[in-house]
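Chemist: The structure follows.
The values are calculated or read from the model by the stated rules, or taken from the named source; none is laboratory data. Nothing here was measured: the structure is a model prediction, and the numbers come from that model. In this analysis, Cβ positions are derived from the backbone assuming ideal geometry, glycine residues included, and neighbour counts consider all displayed protein chains. Calculation scope for accessible area: heavy atoms of the full protein, side chains included, ligands and nucleic acids excluded. Shrake-Rupley method; radii C 1.70, N 1.55, O 1.52, S 1.80 Å.
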Amino acid sequence: MSKRVLDINELHTHFFTDKGEIPAVDGVSLNVSEGEIVGVVGESGSGKSVTSLSVMQLIPNPPGKIVSGEIMFKGRDLVQTSLKQMKKIRGNEIAMIFQEPMTSLNPLFTIGNQLIEAIRIHNKMGKGEARQKAVELLEQVGIPRANDIVDEYPHQLSGGMRQRVMIAMAMSCRPDLLIADEPTTALDVTIQAQILDLMRQLNRDLNMAILLITHDLGVIAEICDRVVVMYAGQVVEEGTTREILKDPQQPYTKGLIRSLPDMKAKNQKLYSIPGTVPKPKVDMVGCRFAPRCEYAFDRCFAESPPLYHIGDNRTSRCFLNERDQREVASHDETVIKG
Amino acid sequence: MLIPVLFGMTLITFSIVHLIPGNPAQVILGETATQEAINNLEENMGLNKPYFVQYGIYIQDLLQGDLGTSLRSKTDIAQEIWPYIAATLELTFFAMIFAVFVGTNAGIISAWKQNSLFDYVAMLIALVGVSMPIFWLGLMEQWVFSQELGWLPATGRENSRDPIEPITYFYVLDALLQLDFSRAITVLKHLILPSIALGTIPMAIIARMTRSSMLEVMKSDYIRTVEAKGAGQFIIVYKHALKNAVIPVLTVIGLQTGVLLGGAILTETIFGWPGIGRYVFDAISFRDYPVIQSGILVVAFFFVIINLIVDLLYTYIDPRIKY
Ligand SMILES: Nc1ncnc2c1ncn2[C@@H]1O[C@H](COP(=O)(O)OP(=O)(O)O)[C@@H](O)[C@H]1O
Ligand code: SF4
Ligand SMILES: [Mg+2]
């Protein structure tokens, strides 16, 4: 097995607001190995962005704070790393791109200025040389007329082009890990596919690990090796993309898969899981998914299910997996006495 | 933009004379004037012609740089007004330098170190500053720094026993042009107290505006992007955040400059500053209408110029804005 680049253990990131403490990330563990693309999926509000920002140590403080847990990156714990050291890692060893390509670039500086800045923060390089490198990076991510674009402002580019610029910026120092938080959510379908292709290509060519965050299982299916499903601040299921898509265990994952648009059955009404993600609270009783779960039974409302290990790198947070069963009870056998 | 606004201003200044109830000539000359004197004045000023003809003449004169004749001093206003304008512009300039420099920096650091002791103290000062009566501040300054400590002169633009040779009537500039550094310093010393008195309110407004604008900008996605690149706080705050945050502050700076230009009478009076405010104020008590008209028009003119400069700065800072 190849080396682990990122290993998050029992991460707790909480927000301390006027309305009380919000455990937005509540004991999350996940890992990414060299050259691997790992997807984190879950509806909006499940704590995916907070997890990824925790890795970068970019949680706005106040109100947010990493309360406990460790984030091992290439053998060091980022939670314990000083800001000074962290600055050397950000953009250099771990790069990040965000959901909104429209607002993620500073509107008042040229593409070139922002790219050159990214290059020169971590490399001793003259302006001219950095500019040459910037043009090369733009060409590398498939931007036509890179020589002109370098002097243009973000508002002169389309969303897809801006996201390519963001990727070029992220690639500027050849990071070991790229964290992409909903990189294609704001883009239309064709552009989305192009951006995913580009990311896969960079992953292969540079053997760069990617942590891809999305609320869209379709995106996961497209390029991820493994999947971590999150719900209300916790990991609820983990496995290879194949396992998750073909043989989901946890009812929430099943719901996500059911709500995928089916290419074969056209005009069918799209399924969506009823209800919404609850805001995580400190003293939640029972399974967090219980109010929306069609399999829920008495115990689900009284106890919180732990994360059951049901195979190699395969977990599920559901009482139905307690006996490590491969097959979940079929629909009419739902009520199983604990 | 520039032309219609100035045109509108001439309408207003023109109307001033004609909005006064009663016969303008009568008002100008006072109750005891004889009918003959009134007729003469009407003849001289063209007051017996129809309004639109009078206005036409007024505009024609203005276009030729003719602001009319002062009733009091009987001299050409265009000739005697410049030293007053220069005095006001110079004072406004230094007051705004003080206001912008202190205000923006206080705002930036307050936002950067939000909820720190600096933030609390700076914002308390800003709060007091906005509500500070200028005359009180001015008098306190004079009492402390002039009377008690004797560090700075309390009134005037220069040492009147050792006057400067005026060229542009911007005294600092004039002294520097003549390479007369000791006089330049004297003039600067005279500028300090009135500049602070005049600049305090805009300084406080700019500080608060900068702070809130910075806090807003610091939350934006592109700041997070810069942080994710591994940039240091200085680049984040002074390059990326400041340039964005300064855009709304610029509007305030422009407006406040205009306010100072027009509203400096109090400061000019306290500090014996021979500026346009004093010039117009004195004219009022002599019913010197041509001077009042011209003074207002000149202030309006510079107000428009400042707005023009602000607009140009916008396009310079923000590539998305095009005219
Ligand atoms: N700045 C913040 N202040 C308070 N709560 C926050 C903040 N950011 C995130 N949260 C909390 O964290 C939860 C998870 O947010 P997030 O990680 O952005 O979800 P996702 O990315 O999965 O959509 C939110 O529901 C919210 O309650
Ligand atoms: S533990 Fe119960 S409520 Fe939770 S997912 Fe499993 S069946 Fe549903
Ligand atoms: Mg998110």
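Chemist: Give me the residue from the range A:168-203 that is among the hydroxyl-bearing types (Ser, Thr, Tyr) and within 16 Å of ligand 1 (Cβ to nearest atom) and, out of that set, surrounded by the fewest Cβ atoms within 10 Å (Cβ to Cβ).
Modeler: Out of the qualifying residues, it is A:Thr185.
Residue by residue, here is whether (1) more than 16 Å from ligand 1 (Cβ to nearest atom); (2) under 26 Å from B:Phe234 (Cβ atoms); (3) part of a strand (DSSP E or B) holds:
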residue	(1), (2), (3)
A:Gly45	no, no, no
A:Thr51	no, no, no
A:Ser54	no, yes, no
A:Leu58	no, yes, no
A:Pro62	no, yes, no
A:Ile66	no, yes, yes
A:Gln85	yes, yes, no
A:Lys88	yes, yes, no
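Chemist: Based on what the data block shows, is A:Asp77 more than 14 Å from every other protein chain (Cβ to nearest Cβ), over 15 Å from the mean Cα position of the chain (by Cα) and free of Cβ contacts under 8 Å to residues at least 12 places away in the same chain? If you could, list the steps in order and put the result at the bottom.
Modeler: Details: more than 14 Å from every other protein chain (Cβ to nearest Cβ): yes; over 15 Å from the mean Cα position of the chain (by Cα): yes; free of Cβ contacts under 8 Å to residues at least 12 places away in the same chain: yes.
Spelling it out, A:Asp77 is indeed more than 14 Å from every other protein chain (Cβ to nearest Cβ), over 15 Å from the mean Cα position of the chain (by Cα) and free of Cβ contacts under 8 Å to residues at least 12 places away in the same chain.
Chemist: Name the single residue that is farthest from the other protein chains (Cβ to nearest Cβ) among those in the range B:225-238 being crowded, with 17+ Cβ neighbours inside 10 Å and closer than 17 Å to A:Ile116 by Cα.
Modeler: Checked the range B:225-238; the qualifying residue farthest from the other protein chains (Cβ to nearest Cβ) is B:Ile236.
Chemist: Here's a follow-up. Has the range A:130-138 got at least one residue that is of a type in the set (D, E, K, R) and at the interface with chain B (Cβ under 7 Å from one of its Cβ atoms)?
Modeler: Looking only at the range A:130-138, we keep the residues that are of a type in the set (D, E, K, R), and these are A:131, A:133, A:136.
Add one more test, that the residue is at the interface with chain B (Cβ under 7 Å from one of its Cβ atoms), and what stays is none.
No: the range A:130-138 contains no residue that is of a type in the set (D, E, K, R) and at the interface with chain B (Cβ under 7 Å from one of its Cβ atoms).
Chemist: Then there's this: Please work out which one of (1) more than 10 Å from every other protein chain (Cβ to nearest Cβ); (2) on the phi > 0 side of the Ramachandran plot is the condition A:Gly91 fails and give its number.
Modeler: It fails just one condition, (1).
Chemist: Only one of (1) over 19 Å from A:Pro306 (Cβ atoms); (2) touching a helix residue (DSSP H, G or I) at 6+ places or on another chain (Cβ under 6 Å) fails for A:Val236. Which number is that?
Modeler: (1) is the only condition that A:Val236 fails.
Chemist: So which pairs qualify, if the first residue must be in the range B:95-111 and crowded, with 21+ Cβ neighbours inside 10 Å, the second must be among the basic types (Lys, Arg), the Cβ gap must be under 8 Å, and the two must be at least 6 apart or on different chains?
Modeler: B:Ala106/B:Arg211; B:Gly107/B:Arg208; B:Gly107/B:Arg211; B:Ile108/B:Arg211; B:Ser110/B:Arg211; B:Ala111/B:Arg211
Chemist: So which pairs qualify, if the first residue must be in the range B:1-21 and open to solvent by less than 40 Å² (accessible area, probe 1.4 Å), the second must be modelled with pLDDT of 80 or more and of a type outside the set (A, V, I, L, M, F, W, C), the Cβ gap must be under 6 Å, and the two must be at least 6 apart or on different chains?
Modeler: B:Thr13/B:Gln293; B:Phe14/B:Tyr55; B:Phe14/B:Tyr58; B:Val17/B:Tyr289
Chemist: Take the residues in the range A:204-217 that are buried (at least 19 other Cβ atoms within 10 Å of the Cβ) and over 12 Å from the mean Cα position of the chain (by Cα); name whichever of them is nearest to ligand 2 (Cβ to nearest atom).
Modeler: Here the answer is A:Ala209.
Chemist: Please go through the range A:121-142 and give me each residue that is of a type outside the set (Gly, Ala, Ser) and in a loop (DSSP other than H, G, I, E, B), ordered by number. Spell out the reasoning first.
Modeler: Initially, the range A:121-142 is screened for residues of a type outside the set (Gly, Ala, Ser), giving A:121-125, A:127, A:129, A:131-133, A:135-141.
Result: A:Asn123, A:Lys124, A:Met125, A:Val141.
Chemist: Name the pairs: first residue in the range B:226-242 and touching a residue at least 12 places away in the same chain (Cβ under 8 Å), second residue open to solvent by 10 Å² or more (accessible area, probe 1.4 Å), Cβ to Cβ under 6 Å, at least 6 apart or on different chains?
Modeler: Hits for this filter: B:Val237/B:Trp112; B:Ala241/B:Val217; B:Ala241/B:Met218.
Chemist: Of all residues being open to solvent by 30 Å² or more (accessible area, probe 1.4 Å) and either within 16 Å of ligand 2 (Cβ to nearest atom) or not in a loop (DSSP other than H, G, I, E, B) (or both) in the range A:27-43, which is modelled with the highest pLDDT? Just the residue, please.
Modeler: Once the filter is applied, the top-ranked residue is A:Ser29.
Chemist: Kindly provide the set of residues from the range B:284-308 that are crowded, with 17+ Cβ neighbours inside 10 Å and among the small types (Gly, Ala, Ser), ordered by number.
Modeler: Scanning the range B:284-308 gives B:Ser294, B:Gly295, B:Ala300.
Chemist: When you go through B:Gly254, B:Gly258, B:Gly272, B:Gly277 one by one, which is the residue that is at positive phi and away from chain A (no Cβ under 14 Å)?
Modeler: B:Gly272
Chemist: Here are some conditions: (1) assigned to a helix (DSSP H, G or I); (2) farther than 18 Å from B:Leu6 by Cβ; (3) away from chain A (no Cβ under 14 Å); (4) not acidic (Asp, Glu). B:Tyr316 meets all but one. Which one does it not meet?
Modeler: (3)
Chemist: Of all residues in the range B:167-177, count the ones that are of a type outside the set (Phe, Trp, Tyr) and surrounded by 15 or more Cβ atoms within 10 Å (Cβ to Cβ).
Modeler: Matching residues across the range B:167-177 total 4.
Chemist: With respect to A:Ser46, determine if the residue is within 16 Å of ligand 3 (Cβ to nearest atom), closer than 12 Å to A:Gly233 by Cα and touching a strand residue (DSSP E or B) at 6+ places or on another chain (Cβ under 7 Å).
Modeler: Taking the combined requirement at face value, the residue satisfies it.
Every residue, every condition in (1) within 30 Å of A:Arg76 (Cβ to Cβ); (2) aliphatic (A, V, I, L, M), yes or no:
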{"site": "A:Glu139", "(1), (2)": "no, no"}
{"site": "A:Leu157", "(1), (2)": "no, yes"}
{"site": "A:Arg164", "(1), (2)": "no, no"}
{"site": "A:Ala170", "(1), (2)": "yes, yes"}
{"site": "A:Cys173", "(1), (2)": "yes, no"}
{"site": "A:Thr185", "(1), (2)": "no, no"}
{"site": "A:Met199", "(1), (2)": "yes, yes"}
{"site": "A:Ile220", "(1), (2)": "yes, yes"}
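Chemist: Could you figure out which of (1) within 16 Å of ligand 3 (Cβ to nearest atom); (2) at pLDDT below 90; (3) surrounded by 15 or more Cβ atoms within 10 Å (Cβ to Cβ) isn't true of A:Met284?
Modeler: Every listed condition holds for A:Met284 apart from (1).
Chemist: Within the range A:50-67, identify whether any single residue is within 16 Å of ligand 3 (Cβ to nearest atom) and more than 14 Å from chain B (Cβ to nearest Cβ), and answer yes or no.
Modeler: yes
Chemist: Is it fair to say A:Val50 is under 14 Å from the mean Cα position of the chain (by Cα) and open to solvent by less than 10 Å² (accessible area, probe 1.4 Å)?
Modeler: Numbers: under 14 Å from the mean Cα position of the chain (by Cα): yes; open to solvent by less than 10 Å² (accessible area, probe 1.4 Å): no.
For A:Val50, the condition - under 14 Å from the mean Cα position of the chain (by Cα) and open to solvent by less than 10 Å² (accessible area, probe 1.4 Å) - is not met.
Chemist: Looking at the structure I just gave you, is A:Leu256 within 16 Å of ligand 1 (Cβ to nearest atom), modelled with pLDDT of 90 or more and within 14 Å of chain B (Cβ to nearest Cβ)?
Modeler: The answer is no for A:Leu256.
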